[in-house]
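Below is one structure, written out as C-alpha coordinates; comments come after it.
The values are calculated or read from the model by the stated rules, or taken from the named source; none is laboratory data. Keep in mind the model is a prediction, meaning the values are calculated, not measured. Here Cβ is always computed from backbone atoms with ideal geometry, including for glycine, and neighbour counts include all displayed protein chains.
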Amino acid sequence: MDLQKRSKYCHRCQASLDTDARICPVCHEKQLMAFEQATADIVRALFPRVYPATRIIFFLLIAYFILFSADIVLHPEYGLKEALLAPPTELSYRWGAHLRGQFVWWRLITANFYHFGIIHIVFNTVALKYVSPYVERTYGSAQTFAAFVILGTLSMACSNILGDNGIVGGASGSLMAFIGMAAVAAHREHTALSLEIRNSMIRWALFTIAFGLIISLSGSLGIDNISHVSGLLLGILAGLILPKQAMTGFDRLWKIRLSRSTLPVAVALTVTAFVFMTFAGQSQKHQSECIADIQHKNYAAATTACEQAYREDPSLPISYHNYILINAINGDHDRARHLCAEGKRRFRNQKEPLSFDKLCQDLERTRH
Ligand SMILES: [Zn+2]
(Lines give C-alpha, C1' and ligand atoms only; values in the text may rest on other atoms or scores of the structure.)
Protein backbone atom coordinates (compact mmCIF):
# COMPACT_ATOMS: atom_id res chain seq x y z
CA MET A 1 0.00 0.00 0.00
CA ASP A 2 2.72 2.33 1.06
CA LEU A 3 4.83 1.40 -1.93
CA GLN A 4 1.94 2.16 -4.27
CA LYS A 5 1.66 5.64 -2.84
CA ARG A 6 5.30 6.42 -3.37
CA SER A 7 5.42 5.63 -7.06
CA LYS A 8 4.39 7.38 -10.26
CA TYR A 9 4.61 6.62 -13.96
CA CYS A 10 6.82 8.30 -16.50
CA HIS A 11 4.51 10.31 -18.79
CA ARG A 12 6.61 9.33 -21.80
CA CYS A 13 7.36 5.59 -21.43
CA GLN A 14 5.04 4.65 -18.53
CA ALA A 15 7.95 3.21 -16.46
CA SER A 16 7.21 3.09 -12.74
CA LEU A 17 9.28 5.71 -10.87
CA ASP A 18 9.80 7.00 -7.33
CA THR A 19 7.70 10.11 -6.73
CA ASP A 20 10.82 12.21 -6.25
CA ALA A 21 12.50 11.00 -9.47
CA ARG A 22 13.55 14.02 -11.57
CA ILE A 23 14.53 12.08 -14.68
CA CYS A 24 13.18 8.76 -15.97
CA PRO A 25 16.04 6.20 -15.90
CA VAL A 26 14.48 4.31 -18.82
CA CYS A 27 13.77 7.02 -21.45
CA HIS A 28 15.63 9.96 -19.82
CA GLU A 29 12.55 12.21 -20.00
CA LYS A 30 12.52 14.99 -17.37
CA GLN A 31 9.67 14.65 -14.87
CA LEU A 32 7.40 17.32 -13.40
CA MET A 33 8.70 19.11 -10.32
CA ALA A 34 7.12 18.24 -6.98
CA PHE A 35 5.30 21.60 -6.67
CA GLU A 36 3.89 21.30 -10.20
CA GLN A 37 2.54 17.86 -9.36
CA ALA A 38 1.14 19.09 -6.03
CA THR A 39 -0.56 22.10 -7.69
CA ALA A 40 -2.10 19.86 -10.34
CA ASP A 41 -3.38 17.48 -7.64
CA ILE A 42 -5.05 20.35 -5.77
CA VAL A 43 -6.65 21.74 -8.95
CA ARG A 44 -7.87 18.27 -9.89
CA ALA A 45 -9.38 17.68 -6.44
CA LEU A 46 -11.46 20.87 -6.80
CA PHE A 47 -13.25 19.87 -10.00
CA PRO A 48 -15.40 16.99 -11.33
CA ARG A 49 -13.36 13.91 -12.24
CA VAL A 50 -14.93 13.16 -15.62
CA TYR A 51 -14.76 15.86 -18.33
CA PRO A 52 -14.31 18.71 -15.83
CA ALA A 53 -13.97 21.46 -18.48
CA THR A 54 -17.15 20.40 -20.30
CA ARG A 55 -19.09 20.23 -17.07
CA ILE A 56 -17.80 23.55 -15.78
CA ILE A 57 -18.58 25.35 -19.05
CA PHE A 58 -22.05 23.74 -19.05
CA PHE A 59 -22.63 24.82 -15.45
CA LEU A 60 -21.39 28.38 -16.08
CA LEU A 61 -23.63 28.86 -19.14
CA ILE A 62 -26.74 27.55 -17.37
CA ALA A 63 -26.06 29.40 -14.09
CA TYR A 64 -25.42 32.64 -15.97
CA PHE A 65 -28.60 32.21 -18.00
CA ILE A 66 -30.65 31.69 -14.80
CA LEU A 67 -29.05 34.76 -13.17
CA PHE A 68 -29.80 37.26 -15.92
CA SER A 69 -33.20 35.72 -16.65
CA ALA A 70 -34.04 36.36 -13.00
CA ASP A 71 -32.81 39.94 -13.41
CA ILE A 72 -35.07 40.42 -16.45
CA VAL A 73 -38.10 38.91 -14.67
CA LEU A 74 -37.51 41.13 -11.63
CA HIS A 75 -37.51 44.27 -13.79
CA PRO A 76 -40.89 45.98 -13.49
CA GLU A 77 -41.31 46.56 -17.23
CA TYR A 78 -40.36 43.01 -18.32
CA GLY A 79 -41.47 39.46 -17.48
CA LEU A 80 -40.80 35.79 -18.08
CA LYS A 81 -41.73 36.06 -21.74
CA GLU A 82 -38.96 38.59 -22.42
CA ALA A 83 -36.47 36.59 -20.36
CA LEU A 84 -37.09 33.35 -22.27
CA LEU A 85 -37.84 34.58 -25.78
CA ALA A 86 -36.53 38.09 -26.38
CA PRO A 87 -34.24 39.63 -23.76
CA PRO A 88 -34.31 43.45 -24.01
CA THR A 89 -31.18 44.93 -25.61
CA GLU A 90 -30.53 47.24 -22.67
CA LEU A 91 -30.28 44.28 -20.25
CA SER A 92 -28.37 42.06 -22.69
CA TYR A 93 -25.84 44.85 -22.89
CA ARG A 94 -25.63 45.17 -19.12
CA TRP A 95 -25.04 41.39 -18.85
CA GLY A 96 -22.09 41.48 -21.20
CA ALA A 97 -23.26 41.14 -24.83
CA HIS A 98 -21.19 43.24 -27.24
CA LEU A 99 -22.24 45.88 -29.74
CA ARG A 100 -20.65 45.62 -33.15
CA GLY A 101 -18.73 48.71 -34.14
CA GLN A 102 -18.04 49.52 -30.50
CA PHE A 103 -14.92 47.56 -29.65
CA VAL A 104 -14.85 46.93 -25.88
CA TRP A 105 -12.32 44.14 -25.25
CA TRP A 106 -13.90 42.66 -22.11
CA ARG A 107 -17.31 42.41 -23.80
CA LEU A 108 -15.80 40.07 -26.38
CA ILE A 109 -15.12 37.69 -23.46
CA THR A 110 -18.33 38.12 -21.44
CA ALA A 111 -20.44 37.83 -24.62
CA ASN A 112 -19.48 34.14 -24.92
CA PHE A 113 -21.42 33.44 -21.74
CA TYR A 114 -24.53 35.45 -22.64
CA HIS A 115 -27.44 33.81 -24.50
CA PHE A 116 -30.51 35.45 -26.00
CA GLY A 117 -33.28 33.37 -24.49
CA ILE A 118 -34.13 29.73 -23.95
CA ILE A 119 -33.86 28.46 -27.56
CA HIS A 120 -30.39 29.91 -27.92
CA ILE A 121 -29.10 28.39 -24.65
CA VAL A 122 -30.66 24.97 -25.35
CA PHE A 123 -29.11 24.84 -28.84
CA ASN A 124 -25.68 25.72 -27.54
CA THR A 125 -25.62 23.52 -24.43
CA VAL A 126 -26.78 20.50 -26.45
CA ALA A 127 -23.98 21.17 -28.96
CA LEU A 128 -21.54 21.55 -26.08
CA LYS A 129 -22.56 18.20 -24.57
CA TYR A 130 -21.91 16.45 -27.91
CA VAL A 131 -18.68 17.98 -29.08
CA SER A 132 -16.82 19.13 -25.97
CA PRO A 133 -16.05 15.67 -24.46
CA TYR A 134 -14.27 14.71 -27.68
CA VAL A 135 -12.20 17.92 -27.58
CA GLU A 136 -11.43 17.40 -23.89
CA ARG A 137 -10.31 13.79 -24.37
CA THR A 138 -7.94 14.87 -27.14
CA TYR A 139 -6.57 18.20 -25.93
CA GLY A 140 -6.98 17.88 -22.15
CA SER A 141 -9.22 19.82 -19.80
CA ALA A 142 -7.03 22.92 -19.42
CA GLN A 143 -6.74 23.51 -23.16
CA THR A 144 -10.44 22.82 -23.65
CA PHE A 145 -11.49 25.52 -21.19
CA ALA A 146 -8.86 27.90 -22.59
CA ALA A 147 -10.00 27.22 -26.17
CA PHE A 148 -13.59 27.95 -25.18
CA VAL A 149 -12.64 31.35 -23.77
CA ILE A 150 -9.88 32.44 -26.12
CA LEU A 151 -11.17 31.14 -29.47
CA GLY A 152 -14.67 32.33 -28.57
CA THR A 153 -13.26 35.77 -27.81
CA LEU A 154 -11.34 35.91 -31.09
CA SER A 155 -14.46 34.90 -33.05
CA MET A 156 -16.37 37.68 -31.24
CA ALA A 157 -13.61 40.10 -32.22
CA CYS A 158 -14.03 39.10 -35.90
CA SER A 159 -17.79 39.57 -35.58
CA ASN A 160 -17.32 42.95 -33.90
CA ILE A 161 -14.90 44.32 -36.47
CA LEU A 162 -16.37 42.82 -39.67
CA GLY A 163 -20.10 42.72 -38.95
CA ASP A 164 -22.89 45.24 -39.48
CA ASN A 165 -24.37 46.97 -36.44
CA GLY A 166 -26.10 44.73 -33.95
CA ILE A 167 -25.83 43.21 -30.49
CA VAL A 168 -24.02 39.87 -30.23
CA GLY A 169 -23.70 37.11 -27.64
CA GLY A 170 -23.57 33.35 -27.24
CA ALA A 171 -21.16 30.44 -27.13
CA SER A 172 -21.57 29.39 -30.76
CA GLY A 173 -18.22 30.89 -31.86
CA SER A 174 -16.49 28.71 -29.23
CA LEU A 175 -18.60 25.70 -30.17
CA MET A 176 -17.78 26.04 -33.85
CA ALA A 177 -14.12 26.20 -32.78
CA PHE A 178 -14.66 22.95 -30.83
CA ILE A 179 -16.15 21.34 -33.96
CA GLY A 180 -13.07 22.43 -35.93
CA MET A 181 -10.67 21.09 -33.26
CA ALA A 182 -12.55 17.80 -33.03
CA ALA A 183 -12.56 17.37 -36.83
CA VAL A 184 -8.78 17.93 -37.05
CA ALA A 185 -8.09 15.56 -34.13
CA ALA A 186 -10.31 12.87 -35.61
CA HIS A 187 -8.71 13.28 -39.04
CA ARG A 188 -5.23 12.85 -37.55
CA GLU A 189 -6.21 9.82 -35.50
CA HIS A 190 -7.18 8.18 -38.81
CA THR A 191 -9.06 5.11 -37.58
CA ALA A 192 -12.34 3.93 -39.13
CA LEU A 193 -14.24 5.26 -36.10
CA SER A 194 -12.41 8.60 -35.93
CA LEU A 195 -12.92 9.26 -39.65
CA GLU A 196 -16.61 8.68 -39.06
CA ILE A 197 -16.46 11.29 -36.28
CA ARG A 198 -14.52 13.68 -38.55
CA ASN A 199 -17.17 13.40 -41.25
CA SER A 200 -20.00 14.00 -38.82
CA MET A 201 -18.17 17.11 -37.51
CA ILE A 202 -17.77 18.43 -41.06
CA ARG A 203 -21.46 17.78 -41.80
CA TRP A 204 -22.43 19.52 -38.58
CA ALA A 205 -20.27 22.56 -39.30
CA LEU A 206 -21.63 22.88 -42.85
CA PHE A 207 -25.19 22.45 -41.64
CA THR A 208 -24.76 25.13 -38.94
CA ILE A 209 -23.26 27.61 -41.39
CA ALA A 210 -25.89 26.91 -44.09
CA PHE A 211 -28.70 27.06 -41.52
CA GLY A 212 -27.35 30.39 -40.20
CA LEU A 213 -27.12 31.89 -43.69
CA ILE A 214 -30.65 30.79 -44.63
CA ILE A 215 -32.13 32.15 -41.40
CA SER A 216 -30.24 35.44 -41.83
CA LEU A 217 -31.37 35.81 -45.45
CA SER A 218 -34.97 35.21 -44.41
CA GLY A 219 -34.40 38.04 -41.92
CA SER A 220 -36.48 36.52 -39.13
CA LEU A 221 -33.70 36.04 -36.58
CA GLY A 222 -30.25 37.53 -36.02
CA ILE A 223 -27.62 34.84 -36.49
CA ASP A 224 -23.96 35.71 -36.18
CA ASN A 225 -22.53 34.03 -39.29
CA ILE A 226 -19.19 35.79 -38.91
CA SER A 227 -18.53 34.32 -35.47
CA HIS A 228 -19.63 30.88 -36.76
CA VAL A 229 -17.24 30.87 -39.70
CA SER A 230 -14.33 32.53 -37.89
CA GLY A 231 -14.82 30.21 -34.89
CA LEU A 232 -14.62 27.17 -37.16
CA LEU A 233 -11.46 28.42 -38.89
CA LEU A 234 -9.83 29.31 -35.56
CA GLY A 235 -10.72 25.85 -34.23
CA ILE A 236 -9.16 24.11 -37.23
CA LEU A 237 -6.00 26.21 -36.77
CA ALA A 238 -5.87 25.50 -33.01
CA GLY A 239 -6.48 21.81 -33.70
CA LEU A 240 -3.40 21.74 -35.93
CA ILE A 241 -1.19 23.63 -33.47
CA LEU A 242 -2.16 22.52 -29.95
CA PRO A 243 -0.52 19.42 -28.46
CA LYS A 244 -2.74 16.34 -28.29
CA GLN A 245 -2.69 13.70 -25.60
CA ALA A 246 -2.60 9.91 -25.86
CA MET A 247 -4.71 7.51 -23.77
CA THR A 248 -2.18 7.91 -20.93
CA GLY A 249 -2.06 11.71 -21.16
CA PHE A 250 0.49 14.13 -22.66
CA ASP A 251 3.68 12.24 -23.46
CA ARG A 252 6.22 15.06 -23.15
CA LEU A 253 7.03 17.45 -20.33
CA TRP A 254 6.74 20.56 -22.54
CA LYS A 255 3.27 19.49 -23.68
CA ILE A 256 2.11 19.03 -20.09
CA ARG A 257 3.48 22.44 -19.11
CA LEU A 258 2.17 24.22 -22.21
CA SER A 259 -1.33 22.77 -21.93
CA ARG A 260 -1.60 23.47 -18.20
CA SER A 261 -0.34 27.03 -18.52
CA THR A 262 -3.32 27.94 -20.74
CA LEU A 263 -5.74 27.46 -17.85
CA PRO A 264 -4.63 30.32 -15.54
CA VAL A 265 -4.50 32.63 -18.58
CA ALA A 266 -8.08 31.80 -19.56
CA VAL A 267 -9.36 32.02 -15.98
CA ALA A 268 -7.62 35.36 -15.39
CA LEU A 269 -9.05 36.80 -18.64
CA THR A 270 -12.57 35.62 -17.77
CA VAL A 271 -12.49 36.91 -14.20
CA THR A 272 -11.03 40.27 -15.28
CA ALA A 273 -13.70 40.66 -17.97
CA PHE A 274 -16.50 40.06 -15.48
CA VAL A 275 -14.93 42.51 -13.01
CA PHE A 276 -14.96 45.14 -15.79
CA MET A 277 -18.57 44.25 -16.54
CA THR A 278 -19.49 44.81 -12.89
CA PHE A 279 -17.79 48.22 -12.93
CA ALA A 280 -19.61 49.08 -16.16
CA GLY A 281 -22.92 48.16 -14.45
CA GLN A 282 -21.99 50.53 -11.63
CA SER A 283 -21.16 53.13 -14.25
CA GLN A 284 -24.67 52.93 -15.73
CA LYS A 285 -26.11 53.55 -12.26
CA HIS A 286 -23.86 56.57 -11.70
CA GLN A 287 -24.63 57.81 -15.23
CA SER A 288 -28.34 58.00 -14.39
CA GLU A 289 -27.54 59.81 -11.12
CA CYS A 290 -25.28 62.22 -12.99
CA ILE A 291 -27.99 63.09 -15.53
CA ALA A 292 -30.68 63.46 -12.84
CA ASP A 293 -28.41 65.70 -10.71
CA ILE A 294 -27.60 67.95 -13.68
CA GLN A 295 -31.32 68.26 -14.48
CA HIS A 296 -32.03 69.25 -10.88
CA LYS A 297 -29.09 71.70 -10.95
CA ASN A 298 -27.52 69.76 -8.12
CA TYR A 299 -24.04 70.35 -9.54
CA ALA A 300 -21.88 69.20 -6.61
CA ALA A 301 -23.51 65.79 -6.51
CA ALA A 302 -23.51 65.65 -10.33
CA THR A 303 -19.75 66.24 -10.41
CA THR A 304 -19.12 63.20 -8.21
CA ALA A 305 -21.58 60.95 -10.05
CA CYS A 306 -20.40 61.95 -13.55
CA GLU A 307 -16.76 61.43 -12.59
CA GLN A 308 -17.50 58.00 -11.11
CA ALA A 309 -19.44 56.96 -14.20
CA TYR A 310 -16.54 58.04 -16.41
CA ARG A 311 -13.91 56.25 -14.31
CA GLU A 312 -15.91 53.02 -14.13
CA ASP A 313 -16.52 52.78 -17.86
CA PRO A 314 -14.63 55.15 -20.16
CA SER A 315 -15.42 52.89 -23.13
CA LEU A 316 -18.67 54.76 -23.87
CA PRO A 317 -19.00 58.19 -25.53
CA ILE A 318 -21.80 59.03 -23.05
CA SER A 319 -19.27 58.81 -20.17
CA TYR A 320 -17.22 61.53 -21.86
CA HIS A 321 -20.26 63.56 -22.84
CA ASN A 322 -21.58 63.86 -19.29
CA TYR A 323 -18.21 64.36 -17.63
CA ILE A 324 -17.26 67.09 -20.15
CA LEU A 325 -20.66 68.74 -19.66
CA ILE A 326 -20.39 68.95 -15.86
CA ASN A 327 -16.83 70.31 -16.09
CA ALA A 328 -18.01 72.97 -18.53
CA ILE A 329 -20.88 73.87 -16.18
CA ASN A 330 -18.42 74.11 -13.27
CA GLY A 331 -16.20 76.40 -15.35
CA ASP A 332 -13.30 73.93 -15.40
CA HIS A 333 -12.68 74.43 -19.12
CA ASP A 334 -9.14 73.08 -19.05
CA ARG A 335 -10.24 69.71 -17.79
CA ALA A 336 -13.20 69.67 -20.19
CA ARG A 337 -10.87 70.35 -23.16
CA HIS A 338 -8.46 67.70 -21.93
CA LEU A 339 -11.35 65.18 -21.85
CA CYS A 340 -12.42 66.23 -25.36
CA ALA A 341 -8.94 65.44 -26.66
CA GLU A 342 -8.79 62.13 -24.78
CA GLY A 343 -12.27 61.08 -25.98
CA LYS A 344 -11.44 61.92 -29.60
CA ARG A 345 -8.30 59.79 -29.39
CA ARG A 346 -10.19 56.89 -27.85
CA PHE A 347 -13.02 56.88 -30.41
CA ARG A 348 -11.00 57.93 -33.46
CA ASN A 349 -12.13 54.85 -35.39
CA GLN A 350 -15.81 55.50 -34.86
CA LYS A 351 -17.59 56.43 -38.08
CA GLU A 352 -20.60 58.31 -36.69
CA PRO A 353 -20.23 61.75 -35.06
CA LEU A 354 -19.58 61.56 -31.32
CA SER A 355 -22.22 62.66 -28.83
CA PHE A 356 -19.77 65.14 -27.27
CA ASP A 357 -18.53 66.72 -30.53
CA LYS A 358 -20.84 69.73 -30.26
CA LEU A 359 -19.92 70.31 -26.60
CA CYS A 360 -16.25 70.31 -27.52
CA GLN A 361 -16.78 72.71 -30.47
CA ASP A 362 -18.58 75.13 -28.13
CA LEU A 363 -15.67 74.90 -25.68
CA GLU A 364 -13.20 75.79 -28.43
CA ARG A 365 -15.35 78.78 -29.40
CA THR A 366 -15.34 80.15 -25.82
CA ARG A 367 -11.54 80.01 -25.81
CA HIS A 368 -11.27 82.64 -28.61
ZN1 LIG B 1 10.35 7.19 -19.25
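Here are the numbers for this structure:
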quantity	calculated
Residue within the stretch 67-87 that is more than 16 Å from the ligand (Cβ to nearest atom), assigned to a loop (DSSP other than H, G, I, E, B) and not assigned by TED's automatic domain parsing to the domain that holds residue 270 present	no
Every residue from the stretch 111-153 that is surrounded by fewer than 24 Cβ atoms within 10 Å (Cβ to Cβ) and in contact with a His (Cβ under 8 Å, 6 or more places away or on another chain)	121, 124
Residues of the stretch 88-98 that turn out to be part of a loop (DSSP other than H, G, I, E, B) and surrounded by 18 or more Cβ atoms within 10 Å (Cβ to Cβ), as a count	3
Qualifying residue in the stretch 232-243 (condition: outside the structural domain of residue 11 (by TED's automatic domain parsing) and under 18 Å from residue 168 (Cα atoms))	yes
Selection within the stretch 13-30 - touching a helix residue (DSSP H, G or I) at 6+ places or on another chain (Cβ under 8 Å) and near the ligand (Cβ under 9 Å from one of its atoms)	29
Residue count, the stretch 34-65 (criterion: in a loop (DSSP other than H, G, I, E, B) and either within 16 Å of the ligand (Cβ to nearest atom) or basic (Lys, Arg) (or both))	1
Residue satisfying condition, being touching an Asp or Glu at 6+ places or on another chain (Cβ under 8 Å) and modelled with pLDDT of 95 or more, within set 231, 173, 163	173
Total residues in the stretch 164-199, condition among the basic types (Lys, Arg) and surrounded by 15 or more Cβ atoms within 10 Å (Cβ to Cβ)	1
Residue check, residue 255 in a helix (DSSP H, G or I) and of a type in the set (Lys, Arg)	yes
Verdict on residue 202 being of a type in the set (Val, Ile, Thr), outside any helix (DSSP H, G or I) and either surrounded by 13 or more Cβ atoms within 10 Å (Cβ to Cβ) or without any contact (Cβ under 8 Å) to a residue 12 or more places away in the chain (or both)	no
Qualifying residue in the stretch 216-228 (condition: in contact with a strand residue (DSSP E or B) (Cβ under 9 Å, 6 or more places away or on another chain) and outside any helix (DSSP H, G or I))	yes
